[in-house]
Each structure stands twice: as structure tokens, then as C-alpha cells.
Amino acid sequence: MRRLRYRGLCAVLVVLSLGLGGCSGKNTVVNYQDAREDITSIAFFGNKYEPENVTVIEEIISRFMDENPDIRVSYESLKGNEYYEALRKRMAAGKGDDVFMVNHDIVLELEAEGQLADISELSTIPEYTDQMLSQMRSDGVINWVPTTVSVFGLYCNLDLLREHNQKVPGNLQEWENVCDYFVKQGITPIIANNDISLKTLAIGRGFYSLYQEGLQEEAYIRLNRGEENLSEYLTPGFSIAEDFISKAYIDAGKAVNTKKTSDDLQEFVKGESPFMLTGAWAAGRVELMEPGFDFQVVPYPILEDGELLVINADTRLSVNADSSHVEAAKRFVEYFTQPENIQRFADQQSSFIPLKSGNPSSVKEIQPLIPCYQSGRIVIGTDGLLNLPIWELTAQVSEKLLSGEPLDSAMEWMDQQAAEERKAP
């Protein structure tokens, strides 16, 4: 766990120094003498723990406090699924932080409990694209705001592909052909993790045609009502994933224990496999790991006739409706979502911008994603119109397939879980 505490402004500034070496990098406390007594302190809880992410958050917090000397902000972070477990416990115990990061599934839970404040009045709301606003609005209110648009992509080891006279695939058949070649060479072609790799393939493949035809809202209404099952949409994509496992494109035994954007990155930088399925936001991290080969991140070549992108409105911020300092918390979120802050934050995370203005990330390795994104060949992985915890359900299905469970059994389990979710008050 990482806690960064910032104390109020005063007459004498001591020192701010940052020593951020590696994931366990040290963050020095910022001390100010003679702190004012009329300071409002708010706590910010998030799952961005990597030193490079924390650095940007620190800078935003520091500038906010420079402009708002009556508010003091502390940031605490926790890694991965442990973060959401801690968030649930804190909120259930009435000890939630003032501002916290959320995802699609946790929003459904906290909205149902009335624990998210309406932040519709923030001055930055009109800056968001219509697509993002369609995700943010729920029953006329806005309970969260995204700071990035995350993208999931296929990492390609360009040097290894060239060495074997293979090309970056542009559709499913080309991808399978390249994978078949490497399997024959005794090389496992695709590095996958136990969370986002398979499920984003399945979600992208399953819902792509609906997004292209503008029919996703109607489909999600039917799914919310239980008139259709998730398996009707996700079986085709998970069938491809199961096929990839059976053909040894993916080492299921290794992948089931591989954590996203950490263990998988370590495997990829060894340079022994041509592909990796994970979040494009890790591209900067991979570059810093000095892999010793050229790589790029491309859209998923999962369609017969081409590629697609799975995206999410991401690094979402919410305000605790039960906070003692709701107005101060809203001021902080409003500041965090100003265009210049979002641009810096998104660029550092190799992500896209959720605002009408701004530029895509300048990280060179993800440039191949931009044309696909701009042309609208996208699927939203956790669409706000779907009132089912699809992110968690599909993650568990992925683990089941990697553990050897048959597809039919995994799909039946998913539909049963979705049915239970619909019954929940």
C-alpha cells in the first residue's frame, strides 16, 4: 500500500523531493511548517500505484493545493483487485474516502447503495465527448468522470516477426497463420494474462457488429431485462479463445497464473514470443524495461475482414456521497478533470483523451491504434448501458477456460451468475 500525504500551505516551505525507483519507489512526505488550522483535509483513494502514474497524480495534487490553499489532499493507492476489495469494505463500514477511483462493476454496486454523489454540475462536464457522456449519465445524473480512455491491443515483437519473415496480422486468418508458424517452431506465440486478455477478445468479437450498426443500446436493454443471455453474444469470441488454447497459441498453464500488466510484461520483454494481449497503457512501461527489440501495439485482428479496438472510459473518479467534505471533494475532481491535467495524465498512461479537445497519446508504440479508434471500429468493454458486472464475469470465465473447463460449462455458469445479478435488489 502507498500513502502520500500533503500538508497545508504556510510560511516556510521545507522540501519536496521524489525518489521513485521501481514499483516500490519511495515517496517523500511534503511538509509545511505552521500549518493553518482552517484547512479542509480530503482523502483520495486509487488503484494507480506505479511510480510514473503517482508522479503525475502528485503534480496535479500539488498544483491544486497551490490554487486552493484551504484544502489539503492525501493520496493512497493499492494494487489490482485488492484495491476494489478494500474500497468495498471501507464503503460498507461507512469509512469511505472522499474521492476514489471506480470501474464499471463497482459503480453498479455503489449506485445501488446511494453512495456516489451527483457531480453533474462540474464545470468540466461539457468538455467530454458525446460518447463519454452517454457512458457517464445514469438516470439523469453523473456519478463518475473518466480521466482516460484505455485501449486494449496486441503487442507485436517486430524484430522476432522480421527474423522469421512474418508480418503483423491484419485479420483473424492472418493472425492464425502466423501463430501456426510459430507453434511449428516450438514457440508459444501469444502471451496472455488471467484477467483482460481473453475477455477483451470475446467482448470485442461478440459486440462489434452491434456497435457498427448502432444497435448496442437495444441489445443491452434486452440483456438487462433477461430477455437474452450474455452467452448469446460472448460465445463466438470465447470460442476463438478456447481454440487458441487448444492449438497451443497460448500456454494456458502459465497464463492462468499470469497477472495483467506485470507478469505478462516480464514475459514479453524476454523477446521469446511475437505477441502479447494486454492493455496498451503499459506500452510506456514496456519501453522503460528496455526490451532490446522494437515493438508496437496494434488493434485486435479478431475479425475475418480486419481489426477492432476494445476501449473503456477509465481511471474514473467518484465522490463519496457520505463525505463530510463533499464540496471540497468536488472541487478537487473538477480540477483533476481540467483539459490540461487530463491530457498529461492520459499521455503518461499511453491512453486516449475522453474530451472533445486534446490529442491522442504521443507514445510512438501505440500510434497504430489511432486510425482504428478514429474510424469508429470500437467496442466499449464495460458499456454503461449494461447493468451487469460484465468485467468480473468475463474475467472469471477466462480463468475457467485457462483452467481447462469446457466452454459450454463456463458459458452456462456466466448466464446463471447474470441471472442472480438481475434478481439482486
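The values are calculated or read from the model by the stated rules, or taken from the named source; none is laboratory data. Since the model is a prediction, treat every value here as computed from it, not as a measurement. Here the Cβ positions follow ideal geometry from the backbone for every residue, glycine too, while neighbour counts run over all protein chains shown. In case anyone asks, the SASA skips ligands and DNA or RNA and just uses the protein heavy atoms, side chains included. Shrake-Rupley method; radii C 1.70, N 1.55, O 1.52, S 1.80 Å.
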- Task: Ignoring everything but the protein chains, give the 1.4 Å probe accessible area of Ser231 in square angstrom, nearest 10.
- Result: 20
- Query: Roughly how compact is the range 308-379, stated as its Cα Rg over 2.2 N^0.38 Å to two decimals?
  - Reply: 1.33
- Helix 172-184 vs. the chain, principal-axis angle (Cα, 0 to 90°, nearest 10): 80
- Item | Whole-number Å³ per residue for the convex hull built on Cα positions in the range 201-304 | 136
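What number comes out for the charge environment of Lys199, summing +1 per Lys or Arg and -1 per Asp or Glu over other residues with Cβ under 10 Å away?
-3
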- Of every hundred units of 1.4 Å-probe accessible area on the chain, the number belonging to carbon and sulfur atoms, as a percent, is 45
- How much net charge surrounds Pro301 when only other residues with a Cβ under 12 Å from its Cβ are counted (Lys, Arg +1; Asp, Glu -1)? -2
- Item | Under 25 Å between alpha carbons - lysine pairs in the range 34-169 that sit 8 or more apart or on different chains | 5
- Mean shadow area of the range 166-213 over all directions, Cα convex hull, nm²: 4.2
- Item | Largest-first principal axis extents, alpha carbons of the chain, Å | 69, 51, 36
- Tell me, what HN-Hα J-couplings in whole Hz come from the Karplus equation 6.51 cos²θ - 1.76 cosθ + 1.60 at θ = phi - 60° for each residue of the range 45-54, using x for Gly and Pro? 10, x, 10, 8, 10, 5, x, 5, 6, 4
- Item | Cα-based reach from Lys356 at 17 Å (exclusive), listing aspartates and glutamates while leaving out same-chain residues under 8 positions away | Glu127, Asp130, Asp314, Glu334, Glu340, Asp347
- With no solvent and one equal point scatterer per Cα, compute the Debye intensity ratio I(q)/I(0) for the range 285-425 at 0.13, 0.15, 0.17, 0.19 Å⁻¹ and report its log10, rounded to two decimals. -0.89, -1.08, -1.19, -1.23
- The helix 339-348 Cα axis meets the longest alpha-carbon principal axis of the chain at an angle in degrees, between 0 and 90 and rounded to 10, of 50
- Under the Karplus relation 6.51 cos²θ - 1.76 cosθ + 1.60, θ = phi - 60°, what is the ordered set of whole-Hz ³J(HN,Hα) values for the range 271-277, x standing for Gly and Pro? x, 9, 10, x, 10, 9, 9
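What is the calculated FRET efficiency for Glu232 to Asp139, with r their C-beta to C-beta distance and R₀ = 35 Å, to the nearest 0.05?
Values: r = 27 Å, r/R0 = 0.76.
That pair, Glu232 with Asp139, gives E of 0.85.
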- the chain: angle of helix 390-402 to the longest principal axis, Cα-based, in degrees nearest 10: 40
- Message: Please give me the summed charge of the neighbours of Pro274: other residues whose Cβ is under 11 Å from its Cβ, Lys and Arg +1, Asp and Glu -1.
- Response: -1
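Taking Rh as the Kirkwood radius computed over C-alpha pairs, what is the Stokes-Einstein D of the range 37-116 at 37 °C in a medium of viscosity 0.692 mPa s, expressed in µm² per second?
After rounding, the answer is 240 µm²/s.
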- Message: Once each part is reduced to its C-alpha centroid, what is the distance from the range 84-163 to the range 405-419 in angstrom?
- Response: 26
- May I have the convex hull volume per residue, in Å³, for the Cα set of the range 97-156? 122
- Calculated over the range 343-425: convex hull of Cα atoms, volume per residue (Å³): 159
- Once both label points are put 7 Å beyond Cα along the C-beta direction, the Asp305-Ser246 separation in nm becomes 2.7
- Relative contact order %, the range 40-151, counting alpha carbon pairs below 8 Å whose residues are six or more apart: 27
- Work out, step by step, the length gained on full extension between Gln185 and Ser357: first 0.36 nm times the residue separation, then minus their alpha carbon distance; give nm to one decimal. 57.2 nm
- Message: Based on Cα coordinates alone, diagonalise the gyration tensor for the range 216-275, multiply each eigenvalue by 5, take square roots, and list the semi-axes in whole Å, largest first.
- Response: 33, 14, 10
- Per residue value of the accessible surface for the chain (all protein chains in place, 1.4 Å probe), Å²: 42
- Note on the structure: Between the modelled labels at Gln367 and Ala321 (7 Å from Cα along Cα→Cβ) the distance in nm is 4.7
